[in-house]
1. I'd like the residue in region B:61-105 that is of a type in the set (A, V, I, L, M) and not in a helix (DSSP H, G or I) and, out of all such residues, is farthest from the chain's Cα centre (by Cα).
2. Please count how many residues of region A:104-128 are assigned to a helix (DSSP H, G or I) and either surrounded by 24 or more Cβ atoms within 10 Å (Cβ to Cβ) or hydroxyl-bearing (Ser, Thr, Tyr) (or both).
3. Determine if region A:191-210 includes at least one residue that is assigned to a helix (DSSP H, G or I), touching a Pro at 6+ places or on another chain (Cβ under 7 Å) and within 14 Å of chain B (Cβ to nearest Cβ).
4. Quickly run through region B:312-362 and pick out the residues that are facing another protein chain (nearest Cβ under 8 Å), free of Cβ contacts under 8 Å to residues at least 40 places away in the same chain and either under 28 Å from residue B:55 (Cα atoms) or acidic (Asp, Glu) (or both).
5. So is residue B:182 hydrophobic (A, V, I, L, M, F, W, C), within 8 Å of chain A (Cβ to nearest Cβ), on the phi < 0 side of the Ramachandran plot and open to solvent by less than 20 Å² (accessible area, probe 1.4 Å) or not?
6. Has region A:151-169 got any residue that is part of a helix (DSSP H, G or I), under 24 Å from residue B:295 (Cα atoms), within 7 Å of chain B (Cβ to nearest Cβ) and modelled with pLDDT of 80 or more?
7. Among the residues of region A:264-279, are any out of contact with any Gly (no Cβ under 6 Å at 6 or more places or on another chain), in a helix (DSSP H, G or I), more than 26 Å from residue A:136 (Cα to Cα) and not aliphatic (A, V, I, L, M)?
8. Go through B:125, B:108 for me and flag whichever is within 12 Å of the chain's Cα centre (by Cα), at pLDDT 85 or above and hydroxyl-bearing (Ser, Thr, Tyr).
Amino acid sequence: MATTAVERPLPGGTTEARRRRVVGLGVLAVILVAATAASLAVGARALSPAEVWHGLLAAPDSDQRLTEIRLIVRTVRVPRTVLAVVAGIALGVGGALIQGYTRNPIADTGLLGVNSGASFAVVSGIALFGFTNPFQYVWFAFLGAAVAGVVVFGLSSIGRGAGNPLTLALAGQGVTVFLAAMTTAVALTDKASLNALRFWNAGSVAGVGFDVIWPVTAFIAIGLVLALTTLPAVNLLNLGDDVARGLGVNIALSRTVGIVAITLLAGAATAACGPIAFIGLMVAHVARYLTGPDYRWLVPYAGLLGAVVLLVCDIVGRLVVRPGELDAGVLVALLGAPFFAALVWRGKFKNA
Amino acid sequence: MKRNGPGAKVNGADARPSLTPGVRLGRVSFVWRPWTAGVTLLLAAAAFLLFCLSIGVGDFPIGLPRVVATILGGGDRVDQFVIMDLRMPRALAGLVVGVALGVSGALTQSLARNPLASPDILGITSGAGAVAVFLVTVSGGTAAAVVNSVGLSAAALAGGLGTGLLVYFLAWRRGIDGFRLILIGISVSAVMQAITTWLLVTADIRDVARAQAWLVGSLDNRSWDEVRVAFWGTLVLLVAVLCVAFQFKPMHFGDEVAAGLGVRYSMVRAVLLLCAVLLAGVAVSAAGPVPFVALVAPQVAMRLARCPTPPLAASGMVGALLLIGSDLVARTALPVSLPVGVVTAAIGGPFLVYLLVRANRR
């Protein structure tokens, strides 16, 4: 449908279409609020809405049970919910943007080696400097994600293969396997990093405090602002480089801003949550189905959808293997890979 | 004959029929390429030499002539003990796994008509890995008891086979298209990796180290029992491939040509694919999912032997050379002894990128 160049709509669309999109955005926002509430209430200990409310707002008092609830809500549920929303928005917007910039419906920040770059950097950081706190290695993850993302993105946009879905997927795969082996090499010689790695590697929004969440959110906010400024240009770039140039788009500048935005979004989310693949790919396709190919609508939809998907996966993960938990990243992969396979099967991706 | 440069083949589709006259012996016919045959023989000799060298290198170094003499049945008792009991299983495992991966890669690349279709990318190795990690990390429970009774190798083999079949059926849609096969393979591979990751998270840290070393591909601590299974398995599969491959000339000419040649074509193709998956499974069961050998070996063999498509025998030999060589490097040249898979990934990752860049330059 939207992956072919012929079906570009007029910018803006009709008033009717516009109203429908605004309503859709509102519906998504309501769903997100509901999921947020559920995320605060559901878990190893289920809380009633009144208890959640109390835990959020009440001042400390002497009641033992209420103090406990307050502790659960404030130190466990709130951070992981906030992180799921923030990271979900970042991954959703990042995925939609990367598909726009590469004109490649298969593009996903997780498939681009961003994850493996971050893993490698985290392990190296732990092995070399003995980091123990996520706040310390978050910066390494960020750096690794950025470098790997730029390398894969660059490799797959050289020459004629640029825009071929297969080239991008394979360049990502090549870098991923290479870095995974290097990561193992480091992890096998250093037990502390092996232990940290296996938890970080599953992709989870749990167990990170606000000391990590605030800086990550700051990066994501910058990424989102950059992303928003570049949306009109993405629409024009999708008409082809020549047309876009003719319409006055500074292609080099717009691409650079786009790559910086994608790296900030994906890198920051990966640094905080660990590798979570497929989410950007999934929500970008759903968003395109809902809004059509106008990126000014598609990207906000993808952001909200990303947050909803990550939150719901996190909530489901708390419920399915009780008393343990299934990491959100694992659930997203179990959901995303069949989705991806279905897209392949329906012939959404053409071998260019 | 107009020979296309290797670069022209990178997307695989335009392999042209050779104009070299064929040789016919009864029902068997093949094209006699003196260069290819010569290169294959040279590669075999090099592989044997490296094999002996690898046996000789270690804490107790043994010279090449003594190694060869001992393998052929001579040598004193110390040499015999060190070589036949201690070092032979590892070296032989390297040889067998290398050949199996090389041939498996050559088959999948030929069948998908895409140089990037190797067992690692099609998810076969990650499926085998997931099952093996399950075995290493989960103890207790009926499932674990069943898996334990069949053993790590058999379980990994079953995992690889199951994943291979899954990918094949998921990619089937009025025939198999190489492009679809690869993308489905990547996604199935991701699911298997997610499962593996989850198993590692829930496991005990000591098991994790064991599983992790196994997951990257390693030849450490092979016993004769493991090697024997892999050796005979590979041998039987190679004979099967040899028997079928002769009947499969249209392999490289595209679906239309093959369809015109009748129903047998898809049957033979399925058998060859099955052999490729089983070869990869045997290799993984013996050494873990050693990355990239199956991808790199056929491409290198193709360039050396100057064939339009990956040559089976030469691919196997290059695979053996790659694996034994990498193991030698992993054991001796690096400051810490690492699993062989780390070295093959260090070679293979850049090679994959080189293939892509080269394909795009056309």
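1. Keep residues of region B:61-105 that are of a type in the set (A, V, I, L, M), which gives B:62, B:64, B:67-69, B:71-72, B:78, B:82-84, B:86, B:88, B:91-93, B:95-97, B:99-101, B:103.
Subsequent filtering for residues that are not in a helix (DSSP H, G or I) retains B:62, B:72.
Details: B:62: 29, B:72: 27 Å.
Result: B:62.
2. Going residue by residue through region A:104-128, those that are assigned to a helix (DSSP H, G or I) are A:110-112, A:114-128.
In the following step, the residues that additionally are either surrounded by 24 or more Cβ atoms within 10 Å (Cβ to Cβ) or hydroxyl-bearing (Ser, Thr, Tyr) (or both) were identified as A:110-112, A:114-124, A:126.
Within region A:104-128, residues that are assigned to a helix (DSSP H, G or I) and either surrounded by 24 or more Cβ atoms within 10 Å (Cβ to Cβ) or hydroxyl-bearing (Ser, Thr, Tyr) (or both) number 15.
3. Taking region A:191-210 as the starting set, the residues that turn out to be assigned to a helix (DSSP H, G or I) are A:191-201, A:210.
Still in the list and also touching a Pro at 6+ places or on another chain (Cβ under 7 Å): A:201, A:210.
Subsequent filtering for residues that are within 14 Å of chain B (Cβ to nearest Cβ) retains A:201.
Checked region A:191-210: at least one residue is assigned to a helix (DSSP H, G or I), touching a Pro at 6+ places or on another chain (Cβ under 7 Å) and within 14 Å of chain B (Cβ to nearest Cβ).
4. B:336, B:338, B:346
5. Numbers: hydrophobic (A, V, I, L, M, F, W, C): yes; within 8 Å of chain A (Cβ to nearest Cβ): yes; on the phi < 0 side of the Ramachandran plot: yes; open to solvent by less than 20 Å² (accessible area, probe 1.4 Å): yes.
Criteria met by residue B:182.
6. So the first thing to find is which residues in region A:151-169 are part of a helix (DSSP H, G or I), and the list is A:151-156, A:159-161, A:165-169.
Next, from what is left, pick out any that are under 24 Å from residue B:295 (Cα atoms): A:151-156, A:159-161, A:165-169.
Now narrow it down to the ones that are within 7 Å of chain B (Cβ to nearest Cβ): A:155, A:159-161, A:166-167, A:169.
Imposing the further condition that a residue be modelled with pLDDT of 80 or more reduces the set to none.
The answer is no; no qualifying residue exists.
7. No: region A:264-279 contains no residue that is out of contact with any Gly (no Cβ under 6 Å at 6 or more places or on another chain), in a helix (DSSP H, G or I), more than 26 Å from residue A:136 (Cα to Cα) and not aliphatic (A, V, I, L, M).
8. Working: B:125 fails: at pLDDT 85 or above.
Being within 12 Å of the chain's Cα centre (by Cα), at pLDDT 85 or above and hydroxyl-bearing (Ser, Thr, Tyr) holds for just one of B:125, B:108, which is B:108.
The values are calculated or read from the model by the stated rules, or taken from the named source; none is laboratory data. Bear in mind the structure is a predicted one, so any value in this text is a computation, not a measurement. When we count neighbours, we look across all protein chains shown, and the Cβ atoms used for this are built from the backbone with ideal geometry, even at glycine. Quick note on the areas: whole protein, heavy atoms, side chains included, nothing else; ligands and nucleic acids left out. Shrake-Rupley method; radii C 1.70, N 1.55, O 1.52, S 1.80 Å.
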